[in-house]
Amino acid sequence: MSARVSIRPDDFDAGAEIAALRAGDGGVGAVAAFIGTVRNRSGGAEIASMELEHYPGMTEASIEAMIDAAFGRFDIRAARVVHRVGRLAANEQIVLVAVASAHRGQAFQACEFLMDYLKTQAPFWKKESTSAGARWVDARVADDAALARWGIEAVNASMPAEPSS
Amino acid sequence: MKVDVRYFASVREALGAAETVDLGATADVGALRDMLTARGGRYAETLGRHRVLRSARNRVLCAESVALAEGDEVGFFPPVTGG
Amino acid sequence: MSVDANAAIPSTPLELDEAVARVLGRVERPSSGNSELVSTFEALHRVLAADVVSLIDVPPADNSAMDGYALRIADAPAAGVVLPISQRIPAGTVGVALQPRTVARIFTGAQIPQGADTVVMQEHCTVMEDGVRIDASPRAGAAIRRRGEDVAQGGVVLRAGLRLAPQALGMAASVGAASLQVARRPRVALFSTGDELAMPGEPLKPGAIYNSNRYTLRGLIESLGGVCDDLGIVPDRLDATREALKRAAEGNDLIVSCGGVSVGEEDHLKPAVAREGRLDLWQIAIKPGKPLAFGEVFRSDGSLAWFIGLPGNPVSSFVTFLFAVRPVLLKLQGATELAPKSIAMRADFAWPRADRRREFLRVRRNEAGGLDLFANQGSAVLTSTIWADGLVDNPGGATIAPGDVVRYLPFAELLG
């Protein structure tokens, strides 16, 4: 049961989240935080809103596992992921990944690791609405390459290596 | 063997959110996908091998070679686009 | 690993405020389209979805605050001047323009005639044969209520998010609002689980108890604005519970269940919710109360209904509902005030044994302006909640001595 992962429709206050992450831990020397936001343009058209769907039960569990993996690889003291779902407007905040560590190198790396992992393995799907209509965003093969950089072979956007039986 | 199947995103829009499927004998996720595709129509368009899809067994991402058990929950969905 | 493993193992105790914040964080406020127009007559206890803007100035025109005489200050530069009465303006009538060097007899609420710039109250005048003697020096603007000084046309008199008490309906009507945009009433499915439950009216078999929660919770849901979809008692089998959850999710915003969430309880509710959606099980550090389940259940179209599982003990479920479900019902209506307001009151009782958990003691106001304590706080029977008129919110670890100031939460405030 976690204060590490929050999936919810409401916006978050990054400053408050970071303060909570650091609170009471005198060993923290660095906090690295990433915020993802809704773009306001897509394919030449202006984005009016975005719908974020997710797989309840799997979403939380998968991100918890990613945080466990981050603790295994990096020397970090605390981590928090907040990801919004539901209907968001252009320029709104979508996701926060914050990592606390004794030193900045590990904090930066763990934060980037979690973002690369989340972008390719966490069950969210974005649907953008523009004046031309609504369309599901395509996953990027480039993100798979980012995950491979960490030595993780799981694929997302690419076709599987071997055909199924 | 009965499993619960859940669909998400564009797959859900085409096929609905969930259904229970009777698979007969032992099978893996890939065999389930093939069985659903064999229904033709929207199922073939949405789940056919020409489409890149990801799958989860009991809410953990899995390869299609993973074996299924009675009462499992299987998810089929497009590549994820969170973050 | 099956999905049942998603039914989270109970963890270390969670503070109530943190649990409520997590629940409320996942529940969405209604979107702007989710409201309806109702007659102001039908809007009692509904929550406003849009500001009520006044159609008129209140008062609609300058009018007299007193019974007296309206005149021009220029015509009565000092006390003692006598002026003839040129017209009589009772409330509800509009006079004619004031003739110079005359007064208009005017009554409270009547519109000030054009040309007059003050009203002298009748107690400061003497009626003579040839007119009225003004006995006091008139001051400009005296005894006049200006147009729009209470409410300006276009001004907001009631804000969106307000839960409408009777006087708010009157206020809306007074500015011309015959209908109001209010939040849709949340739809709440309710069921109890447990093979030991019987309904009043049936004979009680050995080992069985009457289902009181169904009555209490249905009453609470309705008094807080919800529409209750009462699904009765669900048999304690996994398949029946899953079906009940699917049925409960269709057409409802929230599912409330009672029973089946305590640690070690032989039940199928927790795995059923985990399968049909997602479940968190918390141990809340409060007394009475403790177990609270919160999650979501898929509808057939893939959307989600929220799920709250309350303990089966009637006093625990009552208190847990007040703190965990009440704010959800209010948030689903877009209400601005979610937390109940407490009152600092004097305890006229001793509570010497502090529990490490936060406790909600059943109390009642006495004639001396203090609070009395219901003696048996440990019972599962609802007697204490009938005797009491509210709760004392006592922090964990705190003892109470007679004379101490405590936080009192009246039932009237909590029950809507």
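Specify which of the listed residues (C:G226, C:G176) is modelled with pLDDT of 90 or more and closer than 30 Å to C:R275 by Cβ. Before you say what the answer is, go through the steps one by one.
On the way: C:G176 fails: closer than 30 Å to C:R275 by Cβ.
Matching residue, one of C:G226, C:G176: C:G226.
Quick one: would you say C:T383 is surrounded by fewer than 16 Cβ atoms within 10 Å (Cβ to Cβ) and without any contact (Cβ under 8 Å) to a residue 12 or more places away in the chain?
yes
Give the residue that is farthest from the other protein chains (Cβ to nearest Cβ), with candidates limited to residues of segment C:248-272 that are touching a Leu at 6+ places or on another chain (Cβ under 7 Å) and in a helix (DSSP H, G or I).
Within segment C:248-272, the match that is farthest from the other protein chains (Cβ to nearest Cβ) is C:A248.
Being at positive phi, part of a loop (DSSP other than H, G, I, E, B) and touching a strand residue (DSSP E or B) at 6+ places or on another chain (Cβ under 9 Å) narrows it down to one residue among C:G148, C:G95; which is it?
Of C:G148, C:G95, the one residue that is at positive phi, part of a loop (DSSP other than H, G, I, E, B) and touching a strand residue (DSSP E or B) at 6+ places or on another chain (Cβ under 9 Å) is C:G148.
For the list (1) within 13 Å of chain B (Cβ to nearest Cβ); (2) crowded, with 19+ Cβ neighbours inside 10 Å; (3) more than 22 Å from C:E296 (Cβ to Cβ); (4) aliphatic (A, V, I, L, M), I need the number of the one condition that A:I35 fails.
All conditions are met except number (2).
So that you can scan it fast, the table gives a plain yes or no per residue for (1) surrounded by 21 or more Cβ atoms within 10 Å (Cβ to Cβ); (2) touching a Leu at 6+ places or on another chain (Cβ under 6 Å):
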{"residue": "C:A152", "(1), (2)": "no, no"}
{"residue": "C:R159", "(1), (2)": "no, no"}
{"residue": "C:Q167", "(1), (2)": "no, no"}
{"residue": "C:A178", "(1), (2)": "no, no"}
{"residue": "C:Q181", "(1), (2)": "no, yes"}
{"residue": "C:P186", "(1), (2)": "yes, yes"}
{"residue": "C:L204", "(1), (2)": "no, no"}
{"residue": "C:S212", "(1), (2)": "no, no"}
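Quickly run through segment C:216-227 and pick out the residues that are part of a helix (DSSP H, G or I) and surrounded by 14 or more Cβ atoms within 10 Å (Cβ to Cβ).
Our first condition is that a residue be part of a helix (DSSP H, G or I); within segment C:216-227, this holds for C:216-223.
C:T216, C:L217, C:R218, C:L220, C:I221, C:E222, C:S223 - these are the residues of segment C:216-227 that are part of a helix (DSSP H, G or I) and surrounded by 14 or more Cβ atoms within 10 Å (Cβ to Cβ).
Check whether at least one residue in segment B:28-50 is within 26 Å of C:A274 (Cβ to Cβ), over 10 Å from the mean Cα position of the chain (by Cα) and of a type in the set (V, I, T), and report yes or no.
no
Name the residues in segment B:67-83 that are more than 7 Å from chain A (Cβ to nearest Cβ) and either among the acidic types (D, E) or assigned to a loop (DSSP other than H, G, I, E, B) (or both), would you?
B:L68, B:A69, B:E70, B:G71, B:D72, B:E73 - these are the residues of segment B:67-83 that are more than 7 Å from chain A (Cβ to nearest Cβ) and either among the acidic types (D, E) or assigned to a loop (DSSP other than H, G, I, E, B) (or both).
Return yes when C:R275 is part of a helix (DSSP H, G or I) and either within 14 Å of chain B (Cβ to nearest Cβ) or closer than 28 Å to B:R59 by Cβ (or both) and no when it is not.
Values: part of a helix (DSSP H, G or I): yes; either within 14 Å of chain B (Cβ to nearest Cβ) or closer than 28 Å to B:R59 by Cβ (or both): yes.
When the stated conditions are applied, C:R275 passes them.
May I ask you to verify whether A:G24 is more than 10 Å from every other protein chain (Cβ to nearest Cβ), surrounded by fewer than 15 Cβ atoms within 10 Å (Cβ to Cβ), at pLDDT 95 or above and within 21 Å of C:A21 (Cβ to Cβ)?
Values: more than 10 Å from every other protein chain (Cβ to nearest Cβ): yes; surrounded by fewer than 15 Cβ atoms within 10 Å (Cβ to Cβ): yes; at pLDDT 95 or above: no; within 21 Å of C:A21 (Cβ to Cβ): yes.
Criteria not met by A:G24.
Report, by residue number, each residue of segment B:10-66 that is within 14 Å of chain C (Cβ to nearest Cβ) and either in a loop (DSSP other than H, G, I, E, B) or among the basic types (K, R) (or both).
At the first step, the residues of segment B:10-66 found to be within 14 Å of chain C (Cβ to nearest Cβ) are B:10-20, B:56-62, B:66.
Within segment B:10-66, B:R12, B:G16, B:A17, B:R57, B:N58, B:R59, B:V66 meet the criteria.
Which one of the conditions (1) in contact (Cβ under 8 Å) with a residue 24 or more places away in the chain; (2) away from chain B (no Cβ under 12 Å); (3) out of contact with any Phe, Trp or Tyr (no Cβ under 8 Å at 6 or more places or on another chain) does A:Q106 fail to meet, given that it meets all the rest?
Here A:Q106 clears every test but (3).
If you check every pair at least six apart or on different chains, which have Cβ atoms under 6 Å apart with a residue in segment C:397-412 that is among the charged types (D, E, K, R) first and a residue that is crowded, with 16+ Cβ neighbours inside 10 Å second?
From residues that are among the charged types (D, E, K, R), the pairs are C:D404/C:A347; C:R407/C:S342; C:R407/C:D393.
Name the residue that is farthest from the other protein chains (Cβ to nearest Cβ), counting only residues in segment A:117-144 that are more than 9 Å from A:M50 (Cα to Cα) and among the small types (G, A, S).
Looking at the filtered set, the residue picked out is A:S131.
For segment C:27-58, what are the residues that are at pLDDT 95 or above, under 29 Å from A:P56 (Cβ atoms) and in a loop (DSSP other than H, G, I, E, B)?
C:A49
The values are calculated or read from the model by the stated rules, or taken from the named source; none is laboratory data. Predicted, not measured: the structure shown is a model, and the values here were computed from it. Positions of Cβ are backbone-derived with ideal geometry, glycine not excepted, and every protein chain shown enters the neighbour counts.
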